[in-house]
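Structure first, then comments.
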Amino acid sequence: MGTIYYIKDNNNVRLHPLDYMTLLYDRLSGITHIVAEPAPQIIETLGSQALSVEQIERELQKQYDLKVFEDSDDSFADIITARLDEFIDLGIIDKCDEEQKVKLT
Amino acid sequence: MFETTLKVGPASFRIGSDWKEPIALIDELYAAYPKPSLSDFTVRMEATKPWRRYIRPSVQIKGDYMLPDALPLPLEQAFLAAEMGLNLQMALGWRRHLILHASSAEKDGKALIMTGESGSGKSTLSALLGYNGWRFMGDEFALIDHDNGEAVPYPRMISLKNQAIAAMEKQVPNAVLGPLIEATPKGDIRHMVPPIDAIRNMEKSARPAMLLFPRFGHDTEVREVLPSEAFMRLTQASTNYVTMGEVGFNTLTRFIDETPVYAIDYQNSEDAISMVNELWSKI
(Lines give C-alpha, C1' and ligand atoms only; values in the text may rest on other atoms or scores of the structure.)
Protein backbone atom coordinates (compact mmCIF):
# COMPACT_ATOMS: atom_id res chain seq x y z
CA MET A 1 0.00 0.00 0.00
CA GLY A 2 1.25 3.50 -0.85
CA THR A 3 1.62 6.80 0.93
CA ILE A 4 -1.33 9.16 1.12
CA TYR A 5 -1.33 12.87 1.93
CA TYR A 6 -3.92 15.03 3.68
CA ILE A 7 -4.30 18.61 4.95
CA LYS A 8 -4.01 18.51 8.73
CA ASP A 9 -6.89 20.93 9.26
CA ASN A 10 -8.53 21.94 6.01
CA ASN A 11 -10.83 24.47 7.71
CA ASN A 12 -7.84 26.45 8.88
CA VAL A 13 -6.10 26.94 5.53
CA ARG A 14 -7.19 29.86 3.34
CA LEU A 15 -6.14 30.48 -0.25
CA HIS A 16 -6.23 33.97 -1.77
CA PRO A 17 -5.16 34.16 -5.46
CA LEU A 18 -3.35 37.39 -6.45
CA ASP A 19 -1.68 36.98 -9.87
CA TYR A 20 0.70 34.16 -10.72
CA MET A 21 1.21 33.88 -6.97
CA THR A 22 -1.36 32.83 -4.39
CA LEU A 23 -1.44 33.65 -0.71
CA LEU A 24 -1.93 30.78 1.68
CA TYR A 25 -2.90 31.79 5.19
CA ASP A 26 -2.48 29.12 7.85
CA ARG A 27 -4.69 29.98 10.81
CA LEU A 28 -2.96 27.54 13.14
CA SER A 29 0.48 29.14 12.81
CA GLY A 30 -0.72 32.63 11.80
CA ILE A 31 1.80 32.52 8.96
CA THR A 32 1.12 33.80 5.44
CA HIS A 33 2.84 31.82 2.67
CA ILE A 34 3.22 33.14 -0.88
CA VAL A 35 3.05 30.14 -3.21
CA ALA A 36 3.19 29.52 -6.96
CA GLU A 37 1.61 26.85 -9.19
CA PRO A 38 1.01 23.99 -8.64
CA ALA A 39 1.08 24.41 -4.83
CA PRO A 40 -2.35 26.09 -4.41
CA GLN A 41 -3.88 23.63 -6.91
CA ILE A 42 -2.56 20.73 -4.81
CA ILE A 43 -4.15 22.21 -1.70
CA GLU A 44 -7.46 22.72 -3.52
CA THR A 45 -7.40 19.18 -4.89
CA LEU A 46 -6.70 17.65 -1.50
CA GLY A 47 -9.45 19.59 0.25
CA SER A 48 -10.70 17.29 2.99
CA GLN A 49 -9.54 14.13 1.22
CA ALA A 50 -6.48 11.91 1.74
CA LEU A 51 -4.90 11.16 -1.64
CA SER A 52 -1.78 9.52 -3.07
CA VAL A 53 0.56 11.42 -5.41
CA GLU A 54 -0.88 9.45 -8.35
CA GLN A 55 -4.43 10.38 -7.37
CA ILE A 56 -3.50 14.06 -7.01
CA GLU A 57 -1.82 14.00 -10.42
CA ARG A 58 -4.89 12.37 -11.97
CA GLU A 59 -7.21 14.98 -10.43
CA LEU A 60 -4.99 17.85 -11.58
CA GLN A 61 -4.82 16.38 -15.09
CA LYS A 62 -8.61 16.54 -15.33
CA GLN A 63 -8.56 20.30 -14.73
CA TYR A 64 -5.22 21.55 -16.04
CA ASP A 65 -2.88 21.09 -18.95
CA LEU A 66 0.05 19.67 -16.99
CA LYS A 67 3.50 20.41 -18.35
CA VAL A 68 6.99 20.20 -16.93
CA PHE A 69 9.81 22.38 -18.21
CA GLU A 70 11.37 20.83 -21.33
CA ASP A 71 14.87 20.75 -19.87
CA SER A 72 13.68 19.23 -16.58
CA ASP A 73 14.35 15.61 -15.62
CA ASP A 74 11.52 15.71 -13.08
CA SER A 75 8.20 14.06 -13.77
CA PHE A 76 5.04 15.81 -12.66
CA ALA A 77 4.74 13.28 -9.84
CA ASP A 78 8.22 14.37 -8.63
CA ILE A 79 7.10 18.01 -8.61
CA ILE A 80 3.91 17.18 -6.68
CA THR A 81 5.90 15.11 -4.17
CA ALA A 82 8.38 17.97 -3.65
CA ARG A 83 5.57 20.47 -2.98
CA LEU A 84 3.85 17.99 -0.61
CA ASP A 85 7.10 17.52 1.32
CA GLU A 86 7.45 21.31 1.64
CA PHE A 87 3.91 21.55 3.01
CA ILE A 88 4.78 18.78 5.48
CA ASP A 89 7.79 20.84 6.64
CA LEU A 90 5.48 23.84 7.06
CA GLY A 91 3.10 21.78 9.20
CA ILE A 92 0.17 22.18 6.80
CA ILE A 93 0.06 18.66 5.33
CA ASP A 94 0.73 15.24 6.85
CA LYS A 95 1.18 11.82 5.30
CA CYS A 96 0.65 8.21 6.32
CA ASP A 97 0.38 4.73 4.83
CA GLU A 98 -2.94 4.07 3.17
CA GLU A 99 -3.30 0.97 5.39
CA GLN A 100 -2.78 3.03 8.54
CA LYS A 101 -5.40 5.55 7.45
CA VAL A 102 -7.93 2.77 6.77
CA LYS A 103 -7.32 1.42 10.27
CA LEU A 104 -7.76 4.91 11.80
CA THR A 105 -11.06 5.51 10.00
CA MET B 1 7.89 65.31 36.32
CA PHE B 2 6.67 67.76 33.64
CA GLU B 3 3.96 66.46 31.35
CA THR B 4 1.58 67.11 28.48
CA THR B 5 -0.94 65.21 26.39
CA LEU B 6 -1.67 65.20 22.69
CA LYS B 7 -3.81 63.41 20.14
CA VAL B 8 -2.57 62.47 16.67
CA GLY B 9 -5.26 60.95 14.46
CA PRO B 10 -6.99 58.29 16.55
CA ALA B 11 -4.12 57.87 19.07
CA SER B 12 -3.74 59.71 22.37
CA PHE B 13 -0.49 60.13 24.25
CA ARG B 14 0.65 61.29 27.67
CA ILE B 15 4.22 62.56 27.56
CA GLY B 16 6.32 63.06 30.66
CA SER B 17 9.79 64.52 31.07
CA ASP B 18 12.36 65.16 33.77
CA TRP B 19 13.06 68.49 32.06
CA LYS B 20 10.76 71.42 31.34
CA GLU B 21 12.15 72.43 27.93
CA PRO B 22 11.14 69.37 25.85
CA ILE B 23 7.53 69.59 27.11
CA ALA B 24 7.42 73.32 26.31
CA LEU B 25 8.66 72.58 22.78
CA ILE B 26 6.09 69.80 22.28
CA ASP B 27 3.32 72.13 23.48
CA GLU B 28 4.55 74.82 21.08
CA LEU B 29 4.81 72.60 17.98
CA TYR B 30 1.68 70.57 18.76
CA ALA B 31 -0.34 73.67 19.76
CA ALA B 32 -3.09 73.01 17.18
CA TYR B 33 -3.60 69.37 18.25
CA PRO B 34 -6.30 68.26 20.70
CA LYS B 35 -5.27 67.61 24.30
CA PRO B 36 -7.09 64.43 25.36
CA SER B 37 -7.91 63.62 28.98
CA LEU B 38 -7.36 59.87 28.46
CA SER B 39 -4.34 58.40 26.74
CA ASP B 40 -3.67 55.18 24.82
CA PHE B 41 0.07 55.33 25.50
CA THR B 42 2.58 56.93 27.81
CA VAL B 43 6.03 58.15 26.78
CA ARG B 44 8.58 59.41 29.29
CA MET B 45 11.88 61.21 28.83
CA GLU B 46 13.95 60.31 31.85
CA ALA B 47 17.47 61.05 33.00
CA THR B 48 19.69 57.98 32.79
CA LYS B 49 20.86 58.71 36.38
CA PRO B 50 19.48 61.34 38.81
CA TRP B 51 22.53 63.60 38.42
CA ARG B 52 22.28 63.33 34.61
CA ARG B 53 19.33 65.69 34.86
CA TYR B 54 21.87 68.44 35.42
CA ILE B 55 25.32 67.21 34.40
CA ARG B 56 25.66 66.32 30.71
CA PRO B 57 21.90 65.73 30.61
CA SER B 58 21.05 62.54 28.80
CA VAL B 59 17.55 61.42 27.78
CA GLN B 60 16.38 57.83 28.04
CA ILE B 61 13.09 57.11 26.24
CA LYS B 62 10.70 55.12 28.39
CA GLY B 63 7.06 54.23 27.87
CA ASP B 64 4.49 51.46 27.62
CA TYR B 65 6.59 49.93 24.83
CA MET B 66 10.37 50.21 24.97
CA LEU B 67 13.38 49.02 23.06
CA PRO B 68 15.69 47.34 25.57
CA ASP B 69 18.88 48.48 23.85
CA ALA B 70 17.83 52.03 22.89
CA LEU B 71 20.72 54.40 23.47
CA PRO B 72 20.10 57.62 25.42
CA LEU B 73 20.21 60.92 23.50
CA PRO B 74 21.64 64.29 24.61
CA LEU B 75 19.04 66.77 25.94
CA GLU B 76 19.32 68.90 22.77
CA GLN B 77 17.81 65.94 20.92
CA ALA B 78 14.97 65.45 23.43
CA PHE B 79 12.30 66.37 20.88
CA LEU B 80 13.63 63.66 18.57
CA ALA B 81 13.58 61.26 21.52
CA ALA B 82 9.92 62.12 22.16
CA GLU B 83 9.01 61.62 18.50
CA MET B 84 10.84 58.28 18.49
CA GLY B 85 8.95 57.31 21.66
CA LEU B 86 5.58 58.19 20.06
CA ASN B 87 6.45 56.19 16.92
CA LEU B 88 7.54 53.24 19.00
CA GLN B 89 4.23 53.11 20.90
CA MET B 90 2.32 53.07 17.62
CA ALA B 91 4.60 50.57 15.88
CA LEU B 92 4.62 48.08 18.75
CA GLY B 93 1.36 48.72 20.55
CA TRP B 94 -1.34 49.90 18.16
CA ARG B 95 -3.93 47.23 17.27
CA ARG B 96 -6.97 49.19 16.10
CA HIS B 97 -5.67 49.49 12.52
CA LEU B 98 -3.25 47.74 10.22
CA ILE B 99 -0.17 49.96 10.38
CA LEU B 100 1.83 50.55 7.22
CA HIS B 101 5.15 52.37 7.44
CA ALA B 102 3.99 54.76 4.74
CA SER B 103 3.07 58.35 4.04
CA SER B 104 -0.35 59.36 2.75
CA ALA B 105 -2.25 62.26 1.23
CA GLU B 106 -5.86 62.80 0.20
CA LYS B 107 -7.47 64.35 -2.88
CA ASP B 108 -11.07 64.19 -4.11
CA GLY B 109 -11.93 62.13 -1.02
CA LYS B 110 -9.48 59.37 -1.97
CA ALA B 111 -6.16 58.48 -0.41
CA LEU B 112 -2.74 58.01 -1.96
CA ILE B 113 -0.42 55.76 0.06
CA MET B 114 3.36 55.89 -0.47
CA THR B 115 5.80 53.46 1.06
CA GLY B 116 9.50 52.86 0.68
CA GLU B 117 12.75 52.63 2.57
CA SER B 118 14.24 55.53 4.46
CA GLY B 119 15.50 58.01 1.84
CA SER B 120 12.91 57.04 -0.79
CA GLY B 121 11.36 60.49 -0.40
CA LYS B 122 7.95 59.36 0.81
CA SER B 123 7.95 61.81 3.70
CA THR B 124 9.01 64.84 1.62
CA LEU B 125 6.60 63.96 -1.18
CA SER B 126 3.62 63.72 1.16
CA ALA B 127 4.56 67.07 2.71
CA LEU B 128 4.95 68.74 -0.70
CA LEU B 129 1.62 67.31 -1.87
CA GLY B 130 0.13 68.82 1.28
CA TYR B 131 1.12 72.27 -0.04
CA ASN B 132 0.09 71.53 -3.66
CA GLY B 133 -3.63 70.87 -3.65
CA TRP B 134 -3.66 67.70 -1.54
CA ARG B 135 -4.49 67.12 2.12
CA PHE B 136 -1.47 65.77 4.00
CA MET B 137 -2.51 62.69 6.03
CA GLY B 138 0.77 61.51 7.48
CA ASP B 139 4.45 60.99 6.69
CA GLU B 140 5.21 57.96 8.85
CA PHE B 141 2.24 55.64 9.39
CA ALA B 142 -0.79 54.94 7.22
CA LEU B 143 -3.46 53.33 9.39
CA ILE B 144 -5.83 51.01 7.52
CA ASP B 145 -9.23 50.44 9.09
CA HIS B 146 -10.01 46.73 9.57
CA ASP B 147 -13.76 47.25 9.09
CA ASN B 148 -14.05 49.43 6.00
CA GLY B 149 -10.51 49.40 4.52
CA GLU B 150 -10.16 53.19 4.68
CA ALA B 151 -6.90 55.02 5.41
CA VAL B 152 -7.04 56.92 8.69
CA PRO B 153 -4.82 60.03 9.01
CA TYR B 154 -1.89 60.11 11.41
CA PRO B 155 -0.52 63.63 10.79
CA ARG B 156 2.34 63.77 13.31
CA MET B 157 5.21 66.26 12.89
CA ILE B 158 6.80 65.84 9.45
CA SER B 159 10.33 64.53 9.84
CA LEU B 160 12.63 66.23 7.31
CA LYS B 161 16.09 64.77 6.84
CA ASN B 162 19.33 66.16 5.39
CA GLN B 163 18.84 67.86 1.99
CA ALA B 164 15.04 67.70 2.36
CA ILE B 165 15.30 70.36 5.10
CA ALA B 166 16.62 73.13 2.85
CA ALA B 167 14.42 72.01 -0.05
CA MET B 168 11.30 72.28 2.10
CA GLU B 169 12.33 75.62 3.65
CA LYS B 170 12.60 76.97 0.10
CA GLN B 171 9.28 75.54 -1.07
CA VAL B 172 7.31 76.43 2.06
CA PRO B 173 8.79 79.71 3.35
CA ASN B 174 6.21 80.20 6.12
CA ALA B 175 6.50 76.64 7.51
CA VAL B 176 6.66 76.23 11.30
CA LEU B 177 9.80 74.24 12.05
CA GLY B 178 11.25 72.67 15.16
CA PRO B 179 14.94 73.01 16.09
CA LEU B 180 17.57 71.64 13.72
CA ILE B 181 18.84 68.42 15.29
CA GLU B 182 22.29 67.70 13.90
CA ALA B 183 24.34 64.53 13.65
CA THR B 184 21.66 62.00 14.58
CA PRO B 185 22.06 58.38 13.36
CA LYS B 186 19.91 59.42 10.34
CA GLY B 187 21.84 62.65 9.73
CA ASP B 188 20.37 66.10 10.31
CA ILE B 189 16.68 66.15 11.23
CA ARG B 190 14.21 69.00 11.46
CA HIS B 191 10.53 68.61 12.24
CA MET B 192 7.84 70.59 10.45
CA VAL B 193 4.29 71.27 11.65
CA PRO B 194 1.87 69.80 9.07
CA PRO B 195 -0.43 72.15 7.13
CA ILE B 196 -3.28 73.30 9.39
CA ASP B 197 -5.98 71.60 7.26
CA ALA B 198 -4.23 68.27 7.87
CA ILE B 199 -4.54 68.77 11.64
CA ARG B 200 -8.12 70.09 11.52
CA ASN B 201 -9.24 67.15 9.36
CA MET B 202 -7.26 64.44 11.11
CA GLU B 203 -10.45 62.51 11.92
CA LYS B 204 -11.42 62.29 8.21
CA SER B 205 -10.43 58.98 6.68
CA ALA B 206 -10.37 58.24 2.94
CA ARG B 207 -10.57 55.15 0.75
CA PRO B 208 -7.14 54.16 -0.62
CA ALA B 209 -7.14 54.69 -4.40
CA MET B 210 -3.45 54.21 -5.21
CA LEU B 211 -0.31 52.72 -3.66
CA LEU B 212 3.07 54.04 -4.77
CA PHE B 213 6.62 52.85 -4.17
CA PRO B 214 8.65 56.03 -4.79
CA ARG B 215 12.42 55.86 -5.21
CA PHE B 216 14.54 59.01 -5.20
CA GLY B 217 17.77 59.39 -7.18
CA HIS B 218 17.05 57.13 -10.15
CA ASP B 219 16.18 57.87 -13.78
CA THR B 220 12.55 58.82 -14.18
CA GLU B 221 10.42 55.74 -14.65
CA VAL B 222 6.92 54.50 -13.86
CA ARG B 223 6.08 50.81 -13.72
CA GLU B 224 3.09 48.81 -12.63
CA VAL B 225 3.68 46.54 -9.66
CA LEU B 226 2.10 43.09 -9.42
CA PRO B 227 -0.21 42.53 -6.43
CA SER B 228 2.02 39.70 -5.13
CA GLU B 229 5.10 41.95 -5.06
CA ALA B 230 3.10 44.74 -3.42
CA PHE B 231 1.70 42.33 -0.83
CA MET B 232 5.14 41.05 0.08
CA ARG B 233 6.58 44.56 0.39
CA LEU B 234 3.66 45.70 2.52
CA THR B 235 4.03 42.82 4.96
CA GLN B 236 7.59 44.08 5.44
CA ALA B 237 6.36 47.68 5.71
CA SER B 238 3.74 46.83 8.32
CA THR B 239 4.70 46.92 11.98
CA ASN B 240 1.71 44.87 13.15
CA TYR B 241 0.69 42.58 10.26
CA VAL B 242 1.97 39.43 11.98
CA THR B 243 0.54 40.41 15.37
CA MET B 244 -2.90 41.07 13.88
CA GLY B 245 -3.20 37.47 12.64
CA GLU B 246 -6.14 36.74 10.34
CA VAL B 247 -7.63 40.21 10.88
CA GLY B 248 -4.44 41.67 9.38
CA PHE B 249 -4.57 39.17 6.51
CA ASN B 250 -8.15 40.23 5.69
CA THR B 251 -7.30 43.93 5.82
CA LEU B 252 -4.15 43.65 3.71
CA THR B 253 -5.64 41.35 1.04
CA ARG B 254 -8.59 43.70 0.69
CA PHE B 255 -6.22 46.66 0.34
CA ILE B 256 -4.19 44.85 -2.35
CA ASP B 257 -7.28 43.63 -4.23
CA GLU B 258 -8.80 47.12 -4.40
CA THR B 259 -5.76 49.36 -4.91
CA PRO B 260 -3.71 49.89 -8.10
CA VAL B 261 0.04 49.86 -7.42
CA TYR B 262 2.91 51.66 -9.19
CA ALA B 263 6.61 52.16 -8.58
CA ILE B 264 8.01 55.56 -9.53
CA ASP B 265 11.68 56.49 -9.83
CA TYR B 266 12.54 60.19 -9.87
CA GLN B 267 15.42 62.65 -9.79
CA ASN B 268 13.72 65.63 -8.15
CA SER B 269 10.54 66.37 -6.25
CA GLU B 270 8.98 68.50 -9.07
CA ASP B 271 9.14 65.47 -11.39
CA ALA B 272 7.71 63.23 -8.68
CA ILE B 273 4.76 65.55 -8.02
CA SER B 274 3.87 65.72 -11.71
CA MET B 275 4.23 61.91 -12.03
CA VAL B 276 1.89 61.45 -9.06
CA ASN B 277 -0.67 63.90 -10.50
CA GLU B 278 -0.46 62.24 -13.92
CA LEU B 279 -1.09 58.78 -12.47
CA TRP B 280 -3.82 60.14 -10.22
CA SER B 281 -5.68 61.68 -13.18
CA LYS B 282 -6.10 58.20 -14.66
CA ILE B 283 -7.77 56.46 -11.74
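Values computed for the structure shown
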| quantity | calculated |
| --- | --- |
| Given (1) more than 29 Å from B:Leu234 (Cα to Cα); (2) modelled with pLDDT of 95 or more; (3) surrounded by fewer than 18 Cβ atoms within 10 Å (Cβ to Cβ), index of the condition A:Phe76 fails | (2) |
| Filtered residue count, the stretch B:210-236, keeping only those that are surrounded by 18 or more Cβ atoms within 10 Å (Cβ to Cβ), within 12 Å of chain A (Cβ to nearest Cβ) and under 22 Å from B:Glu278 (Cα atoms) | 2 |
| Tally of residues being touching a residue at least 24 places away in the same chain (Cβ under 8 Å), surrounded by 14 or more Cβ atoms within 10 Å (Cβ to Cβ) and either in contact with a Leu (Cβ under 8 Å, 6 or more places away or on another chain) or within 11 Å of chain A (Cβ to nearest Cβ) (or both) across the stretch B:248-277 | 17 |
| Strands (runs of 3 or more DSSP E) wholly inside the stretch B:1-53 containing at least 3 residues that are of a type in the set (A, V, I, L, M) | B:41-47 |
| Condition met for B:Thr239 (among the hydroxyl-bearing types (Ser, Thr, Tyr), within 11 Å of another protein chain (Cβ to nearest Cβ) and touching a residue at least 24 places away in the same chain (Cβ under 8 Å)) | no |
| Residue within the stretch B:158-165 that is surrounded by fewer than 24 Cβ atoms within 10 Å (Cβ to Cβ), β-branched (Val, Ile, Thr) and not assigned by TED's automatic domain parsing to the domain that holds B:Ala81 present | yes |
| Restricting the stretch B:19-28 to residues that are touching a residue at least 24 places away in the same chain (Cβ under 8 Å) and surrounded by fewer than 20 Cβ atoms within 10 Å (Cβ to Cβ), the residue that is farthest from B:Gln60 (Cα to Cα) | B:Leu25 |
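The values are calculated or read from the model by the stated rules, or taken from the named source; none is laboratory data. Every value quoted in this text rests on a predicted model; they were computed, and no experiment measured them. Backbone-built Cβ (ideal geometry, glycine too); neighbour counts: all protein chains shown.
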